[in-house]
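A.B. asks: I have a structure I would like to understand better, so I am pasting it below and will then ask my questions one at a time.
The values are calculated or read from the model by the stated rules, or taken from the named source; none is laboratory data. On a predicted model such as this, the values are computed, not experimentally measured, just so you know. Here the Cβ positions follow ideal geometry from the backbone for every residue, glycine too, while neighbour counts run over all protein chains shown.
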Amino acid sequence: MRLEGVRKRYGRGPEVLAGVDLDVVPGVPAVVLGANGAGKSTLLRIAAGCSVPTSGRVRDRPRRVGHLPADLPVPERTPVRTWLAHLAAIRGSGRDGAEATALLERLGFTGGPDTPMGRLSTGNARKVGLAQALCGSPALLVLDEPWSGLDDSAAAALDAVLAGVAVPLLVADHSGRAGGLAGAARWSLSAGRLAPGPAPEAPRTVVVLRCPGDLAAVVARLPPSARCSGEGPVLTVRVPVAGGDALLAAALGAGCSVLSVRRPGTP
């Protein structure tokens, strides 16, 4: 798939995308980085066929696209099983839901199949969103912040799933995990334009904490270089290797207990 001169403007506002050219090919995951509001989600929606550019064009987009938007609209009262079966039927991939069930299990889904979509936790809702995008043999994957809301074990499982993807893959990411995709091409989106992105950052130590009380107050006490994810009380923190000791000291001082520490190069 190729985006050629793609521009997007909403109403009379400034251009969100100002002439984007991008090739998305098998074996070279395209990773789009950028600040909030830079236009990453707009770019991915156009790539997936959910929005049309103001000018420019998208060439060679396959008919079957697996798309995970940043905010997936769901019918809140519909059970997980029913919603996934409905989407599978629309895509012609059957109604039994076996593929989605297997993927949800792999991602550590803890909600029941008959749980209404609106009652799922953030992490479980994200896993269902990933299942609907990845299942059904898509010929192109467009994933907007796929690691958002996932705990460390689910994120690692998603890493393994994406490592086996053979179709073109376009990802927007701020977690840093997309840097681990083999052969990835990194792009930075700023002022509506794409430029070759920064080199992957140095490896980080991953610390899993159990934190009582106000999670926001705990995060505020951690080093500025710490990247945190999780819904609480379990918090996953990634920190540069040199900052590992400072992180542990701050976490213990905040009353957290350390569940695990994984340094680069260890399984």
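A.B. asks: Counting just the residues of segment 232-267 that are more than 12 Å from Arg204 (Cβ to Cβ) and of a type in the set (S, T, N, Q), which one comes out surrounded by the most Cβ atoms within 10 Å (Cβ to Cβ)?
C.D. replies: This residue is Ser257.
A.B. asks: Check whether at least one residue in segment 223-232 is within 29 Å of Arg9 (Cβ to Cβ), modelled with pLDDT of 90 or more and in contact with a strand residue (DSSP E or B) (Cβ under 6 Å, 6 or more places away or on another chain), and report yes or no.
C.D. replies: Scanning segment 223-232 turns up no residue that is within 29 Å of Arg9 (Cβ to Cβ), modelled with pLDDT of 90 or more and in contact with a strand residue (DSSP E or B) (Cβ under 6 Å, 6 or more places away or on another chain).
A.B. asks: Taking the stated definitions as given, is Ser190 of a type in the set (Ser, Thr, Tyr), under 24 Å from Gly123 (Cβ atoms), in the same structural domain as Asn124 (by TED's automatic domain parsing) and modelled with pLDDT of 85 or more?
C.D. replies: Working: of a type in the set (Ser, Thr, Tyr): yes; under 24 Å from Gly123 (Cβ atoms): no; in the same structural domain as Asn124 (by TED's automatic domain parsing): yes; modelled with pLDDT of 85 or more: yes.
So Ser190 does not fit the description; no.
A.B. asks: Please give the number of the condition Pro223 fails out of (1) touching a Leu at 6+ places or on another chain (Cβ under 6 Å); (2) buried (at least 18 other Cβ atoms within 10 Å of the Cβ).
C.D. replies: (2)
A.B. asks: Name the one entry in Ala133, Ala155 that is within 22 Å of Pro75 (Cα to Cα), assigned by TED's automatic domain parsing to the domain that holds Val80 and either outside any loop (DSSP other than H, G, I, E, B) or modelled with pLDDT of 95 or more (or both).
C.D. replies: Details: Ala155 fails: within 22 Å of Pro75 (Cα to Cα).
None of the others qualify; the one that does is Ala133.
A.B. asks: If we keep just the residues of segment 30-65 that are modelled with pLDDT under 95 and not hydrophobic (A, V, I, L, M, F, W, C), which is surrounded by the most Cβ atoms within 10 Å (Cβ to Cβ)?
C.D. replies: Step by step, filter segment 30-65, then rank; the result is Gly34.
A.B. asks: While we're looking at this one, here's another question. Just to check your reading of the model, which residue among Gly129, Gly183, Gly176 is surrounded by fewer than 18 Cβ atoms within 10 Å (Cβ to Cβ), under 30 Å from Glu15 (Cβ atoms) and in contact with a strand residue (DSSP E or B) (Cβ under 9 Å, 6 or more places away or on another chain)?
C.D. replies: That would be Gly176, the only listed residue that is surrounded by fewer than 18 Cβ atoms within 10 Å (Cβ to Cβ), under 30 Å from Glu15 (Cβ atoms) and in contact with a strand residue (DSSP E or B) (Cβ under 9 Å, 6 or more places away or on another chain).
A.B. asks: Does Val167 satisfy the criteria of being in the same structural domain as Arg7 (by TED's automatic domain parsing), at pLDDT 85 or above and either buried (at least 16 other Cβ atoms within 10 Å of the Cβ) or out of contact with any Gly (no Cβ under 9 Å at 6 or more places or on another chain) (or both)?
C.D. replies: Details: in the same structural domain as Arg7 (by TED's automatic domain parsing): yes; at pLDDT 85 or above: yes; either buried (at least 16 other Cβ atoms within 10 Å of the Cβ) or out of contact with any Gly (no Cβ under 9 Å at 6 or more places or on another chain) (or both): yes.
Yes: the conditions hold for Val167.
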